[in-house]
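The values are calculated or read from the model by the stated rules, or taken from the named source; none is laboratory data. Bear in mind the structure is a predicted one, so any value in this text is a computation, not a measurement. Glycine gets a Cβ as well: all are built from the backbone with ideal geometry, and neighbour counts include every protein chain shown.
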Amino acid sequence: MATPPSSAPGIPGPAGPVGVSKTSAGVLVLLMWGAYFQNYTDRQAVFAMFPVLREELGMSDTQLGLTGSIFLWVYGLFCPIAGQIADRCSKRAMVVWSLILWSLVSIGTGLAQSAFVLLALRAMMGISESLYMPAAIALTANAHAPDKRSRAISILTTAQIFGTVAGAWFGGWMAQRGMWREAFFVLGGTGLLYAIPYYYLLRGVSEEAQVETKKTDSRFAIVDLIKVPTYLLLCVAFPLFVFGLWLLYGWLPSFLHDKFSLTLGEAAFSATAYLQVATLFGMLSGGYLADRLYAYTKASRLWLFAVSLLLCAPCLHALGQSDTLFWVQVAAVGFGFFSGLCMGNIFPAAFEVVPANTRASAVGVLNFCGAVISGFAPLLGGAWRQTLGIELLLTLTGVAYVFGALVLVFGIKKLFPRDYARIH
């Protein structure tokens, strides 16, 4: 059995995948980035359209909140299924079909004539997009050595930053001009066009690579995942983290629109640009730091996750309680950077302690846990907007972040060394 990382912090990580060239690994990240960007533009555009949807489709605040909640719950429910399929079938085929399906759903969303139909289409969006993430992350991880993995996944994950900003801006800009339906037609059509080169170029990328951790003979990945205590703690901390993200993604534009009397376009820009640009720098910094620190401790990704949660907590409080737009923007920059430190490290942290051929399932189960909890964020934001208030909800979320950080520190100290040694 390998020496636990805590007793040999200076020993380099295991040898990386064999047979994947730097060129093909780079092409893979680039191709996945383009699809992931469209994944987020399609899912995020609706949040900048709330005032228009309230007027044209007669949607209540609770129904508007459900546009995020239903998507997340259905997305999360199907992610473990998608992960299990990706671990046993072609990951390349899954990411292409996912892109095609969610693009068709986007076009259908532009045809919605009622709140019920729009919410049903958001559920279908959750199913179609759930097929993408587990396969894409596992495919990317298998193509990179452990000491380069956080950087690769961080670069891939930056697509959600650009996609969130682009989706919110484009959705708000089109809605302000009375063209919210056309926005979905454009988004869906773009995805269908991208699917053509996506399919042909992916055929030249290796499907699998030799991996550095042990494999499992179990037929169902979940059987092995639930036996890993460190991974189970990630399933607690990760949902707390994404709850805060979705609370901001879903309600910050509307919150700023009402509190500071901004236009839809101005509110969408202020709610996304400062937050997401800072997150971009945080992601790239977090990926670099994790890979550099990996030579000293194999728990480097978990440590960055814990530190990130602690630093994000006061920023969440400030986002809700600041009296001027300037200080809201400062808090958004802080939250964005600190949250970005861990975004590219969550899945690589899980890959240190789970069998190599359960990686897609590990992503799927984490997404399931995250979506089930974070799905309440846009719903509670809508339901409690007039009573508890977004301000207090943000502060309480910050308290939950501190709890999540403490859970991770416990796991690093007491559970990670044994789990790491067992899988290596």
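A quick yes/no check of all residues on (1) more than 25 Å from G340 (Cβ to Cβ); (2) modelled with pLDDT of 80 or more; (3) out of contact with any Leu (no Cβ under 6 Å at 6 or more places or on another chain):
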residue	(1), (2), (3)
M179	yes, yes, yes
D217	yes, no, yes
T230	no, yes, no
A268	no, no, yes
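Among the criteria (1) closer than 16 Å to F116 by Cα; (2) in contact with a Cys (Cβ under 9 Å, 6 or more places away or on another chain), the one G76 does not fulfil is (1).
The single condition among (1) under 30 Å from G389 (Cβ atoms); (2) at pLDDT below 85 that L57 does not satisfy is (2).
Restricted to helices (runs of 4 or more DSSP H) entirely inside segment 347-424, those with at least 1 residues that are of a type in the set (D, E, K, R) and closer than 30 Å to R88 by Cβ are 359-374, 416-423. The condition of being closer than 20 Å to S154 by Cβ and either modelled with pLDDT of 90 or more or out of contact with any Gly (no Cβ under 6 Å at 6 or more places or on another chain) (or both) does not hold for N357.
Comparison of A159, A82, A93, A136 shows that the only residue that is out of contact with any Ser or Thr (no Cβ under 9 Å at 6 or more places or on another chain) and within 29 Å of A290 (Cα to Cα) is A159.
Pairs meeting the criteria (first residue in segment 224-238 and under 10 Å from P355 (Cβ atoms), second residue buried (at least 20 other Cβ atoms within 10 Å of the Cβ) and aromatic (F, W, Y), beta carbons under 7 Å, at least 6 apart or on different chains) are L225/Y231. Scanning segment 303-323 for residues that are part of a helix (DSSP H, G or I) and over 16 Å from F338 (Cβ atoms) returns G320, Q321.
The rows are residues; the columns are (1) buried (at least 23 other Cβ atoms within 10 Å of the Cβ); (2) hydroxyl-bearing (S, T, Y); (3) more than 25 Å from A400 (Cβ to Cβ).
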site: T272; (1), (2), (3): yes, yes, no
site: G282; (1), (2), (3): yes, no, no
site: A290; (1), (2), (3): yes, no, no
site: L293; (1), (2), (3): no, no, yes
site: W303; (1), (2), (3): no, no, no
site: S322; (1), (2), (3): no, yes, no
site: V330; (1), (2), (3): no, no, no
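Criterion applied to G375, G364, G404 was being buried (at least 24 other Cβ atoms within 10 Å of the Cβ), under 30 Å from R122 (Cα atoms), at pLDDT below 80 and not hydroxyl-bearing (S, T, Y), and the one residue passing it is G375.
Selection of segment 251-264 for residues being surrounded by fewer than 19 Cβ atoms within 10 Å (Cβ to Cβ) and either touching a helix residue (DSSP H, G or I) at 6+ places or on another chain (Cβ under 7 Å) or not in a helix (DSSP H, G or I) (or both) yields F260, S261, L262, T263.
Looking at segment 78-93, can you tell me whether even one residue there is within 30 Å of T263 (Cβ to Cβ) and surrounded by fewer than 24 Cβ atoms within 10 Å (Cβ to Cβ)? No; the residues of segment 78-93 include none that is within 30 Å of T263 (Cβ to Cβ) and surrounded by fewer than 24 Cβ atoms within 10 Å (Cβ to Cβ).
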